[in-house]
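Nothing in this text is a laboratory measurement; each read-out follows from the coordinates by a stated rule. Computed from a prediction, not measured in an experiment: that's the story for all the values here. Cβ coordinates were reconstructed from backbone atoms using ideal geometry, including for glycine residues, and neighbour counts include every protein chain displayed.
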Amino acid sequence: MARPKKQLPFQELDYDDYFTTAELVAIYRKLKELEQLHGWDDQCFLVRFILGTGMRVGEVAGLRISDCGPDRVTVRTSDIHTEKTKTGKIRIVRIMPELLPHYQFKVSKGWQRDDEYLSKGMCKRTLQRWWDDVIREAGVRSRSIHKGRDTYATHELASKRLDLLAVKCQLGHTMDSDVTLKYYTHIPPDYIYSDGEPEWRGEA
């Protein structure tokens with residue numbers, strides 16, 4: 001007999017796990033600076049890609065150039081060795097407008113070089129290190145790549161750019177799951193948008 005899923009009470013959520021508006025502004029401003037320097041292209045793109053798609057780090061590591069379309073990617077989680085609930089699936093992830101020019105430039109370079117993987121086949125540990133390097137340069141408290149995914153979902157829902165169903169599809173949650181509701185719809189708007197609006201988008 002299967003055990004019932006443990007419910008996570010609202011009061012146990014740690015809001016400090018999510019990037020705030022001020023932190024996102026700092027990250028995007030630093031991205032603009034770092035992108036002008038030699039050797040930071042891949043690191044900066046990774047941060048933009050995670051914050052602009054909400055994809056898992058394992059999915060990014062396994063994303064092939066052949067699965068990259070003009071404004072969306074096909075995620076084949078059967079290629080990712082994760083727990084059983086995340087294998088054998090295919091979903092379409094839409095590229096957010098502020099990420100689109102960076103994404104299209106990156107993909108075009110991959111096509112020109114005949115790359116197989118978007119992230120050059122780097123392992124999850126390397127991608128996490130790239131992420132940490134950028135976050136540290138921005139002077140923002142370190143969080144895992146997965147917290148960037150959580151931040152993406154939270155901001156999209158709070159800003160009402162995407163509805164609950166769209167966010168569930170982007171994240172790859174099962175359609176009958178309450179995961180999206182449980183984790184991403186109870187963050188106080190005042191915590192996320194201290195100034196009332198998601199001004200970090202202007203920094204993208």
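A few comments on the model shown:
- Sites listed here are GluC sites (Glu not before Pro) in the stretch 27-63 whose DSSP assignment is loop and whose Cβ has at most 14 other Cβ atoms within 10 Å: GLU35.
- Averaging Cα coordinates gives a centre for the stretch 91-119 and one for the stretch 120-137; these two points are 17 Å apart.
- Calculated FRET value between ILE90 and SER142, using beta carbons and R₀ = 30 Å, to 0.05: 0.40
- Taking amide H atoms as placed 1.01 Å from N in the peptide plane, the amide H of ARG72 lies under 5 Å from those of ILE95, each 5 or more residues away in sequence or on another chain.
- FRET efficiency, 1/(1 + (r/R0)^6) with R0 35 Å, evaluated for ARG113 and ASP133 via beta carbons: 0.90
- Links that overshoot a 22 Å alpha carbon limit, given the list LYS30/LYS147; LYS30/LYS106; LYS30/LYS160: LYS30/LYS160
- Residue-wise HN-Hα coupling along the stretch 106-113, computed from phi with Karplus coefficients 6.51, -1.76, 1.60 (Hz; x: Gly, Pro): 4, 5, 4, 5, x, 5, 5, 8
- In Hz, Karplus ³J(HN,Hα) per residue of the stretch 130-137 (6.51, -1.76, 1.60; θ = phi - 60°; x = Gly, Pro): 4, 4, 4, 4, 5, 4, 5, 4
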